[in-house]
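All remarks here apply to the structure that follows.
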Amino acid sequence: MYLLPKTICKRIDQTRKRFFWQESGLKKKYHLVKWEKLNRPRKKGGLGIQDIRKMNQSLLCGWWWKLEKKEGMWQKLVEKKYVMQSRITRLKYKPTNSSVWNNLLKVKDIYLKGRRIKVGNGRLAEFWEGQWCGAVSLKDKFPELYNICNEQVGSVAAFAERGWRLTFRRWLDENLQNQFRRLRDMLTSVALSREDDSPVWAWEKSGAFSVKSTYAHLCSNQLAEPNKHIWKAKIPLKNKIFMWLAQQDAILTRDNLAKRNWQGDLRRSFCQCPETAEHLCFTCSLAICRPCSLEQFWHWVYIYIPSHKQYHMVGLTAICWALWKARNLVCFEQKRVKTPTEIVCSASSFLSYWAGLQKTDDRAPLEAGAEALKAAALFFHLEESPNNTGVVLLR
């Protein structure tokens, strides 16, 4: 029930960063993407690693919901000591409060943004500041009237008992009179009942509070960069993360190593060209094919292979992963790729292995495609000289 200080969140995140990039090893490794980007939800272009600060705030909002919605010993104690006859919109920080209560008050504004009031007797809903008459409070709908109104505090029930009469500090001009008429028209349609007011959670379709919806709202101001092709694909998680890093241009190719003050040769071992993620997967002589980038691949595949969309990402990942594995064998074990057929056969083996991850009806077509890819590569395989890498023929 405590709001974690920012310094504590930072220290926890440092441990989480080291574990994600270095796993359990002690050897320091590169942090390839900013932690803030990894914390974004997958729908927003991140990896979906939860932001501790936002999750902490979302969990604390749940206590406000319990205070208003449920009955129990904890609710009775809080109401007697802190709430009394006040509405929660009027509660403020006090040095004499307990640290737990003051921490809850720090997230009160977040809770009030998502909480709506279903009006019954009107005693719980705040007339001006409460969101009881639509998604926006009357204070925000009619700010000019609120600023000059003499009655700025009170419940809906209190205003209803006075017949919705409002007094103002100065004469209303034509514009303010039109606003006041609109306000009166809204109020005349309100009918109170004997039932108690009840809170409703606006960020959830069911109307019930959820930590998930609160956390999603706190992340809603981030730019959307959906990667649904990656996350919906039936492939191992490490391959999904690899493709996500490749899309961010963050895999450790030689150009990215040079940005981190690496002093080695920038040229590829395969073709002596400058090594980049795009060159490795699309334009190298070992990978050359119609699309020359990831964006072109999706445009190309929708035109020429419009059916079986569930296999598009699986096939692309198999090719890219086979190229990456071959590149690492050349760089770190000084092995030689004699012909592109080796990479195509490697990609075919990945496809056959990943077929077990697909739905029952999708396994056989993927296995057949893997065998067809392998057979085509072996059919077009040529006896090449050791110095000629050749190209992969795709038909």
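The values are calculated or read from the model by the stated rules, or taken from the named source; none is laboratory data. Just so we're clear, the structure is a prediction, and the values are computed from it rather than from any experiment. Note: ideal-geometry Cβ built from the backbone for every residue, glycine included; neighbour counts use all protein chains shown.
Here the helices (runs of 4 or more DSSP H) wholly within the stretch 45-117 that include at least 1 residues being at pLDDT below 90 and at negative phi are 52-69, 73-78. Taken together, the residues in the stretch 306-352 that are over 20 Å from GLU275 (Cβ atoms) and among the hydrophobic types (A, V, I, L, M, F, W, C) amount to 7.
Can you report the number of residues in the stretch 168-224 which are under 20 Å from LEU60 (Cβ atoms), surrounded by 13 or more Cβ atoms within 10 Å (Cβ to Cβ) and of a type outside the set (A, V, I, L, M)?
Selection size over the stretch 168-224: 11.
Has the stretch 296-313 got at least one residue that is closer than 24 Å to PHE332 by Cα and polar (S, T, N, Q)? Show your work before the answer.
Keep residues of the stretch 296-313 that are closer than 24 Å to PHE332 by Cα, which gives none.
For the stretch 296-313, residues closer than 24 Å to PHE332 by Cα and polar (S, T, N, Q): absent.
Among the criteria (1) among the β-branched types (Val, Ile, Thr); (2) within 37 Å of the chain's Cα centre (by Cα); (3) crowded, with 17+ Cβ neighbours inside 10 Å, the one VAL156 does not fulfil is (2). Restricted to the stretch 215-313, the set of helices (runs of 4 or more DSSP H) holding at least 1 residues that are farther than 30 Å from THR360 by Cβ comprises 237-247, 254-259, 294-304. For the stretch 1-23, a residue qualifies if it is of a type in the set (Lys, Arg) and touching a residue at least 12 places away in the same chain (Cβ under 8 Å), and the qualifying residues are LYS6, ARG16, LYS17.
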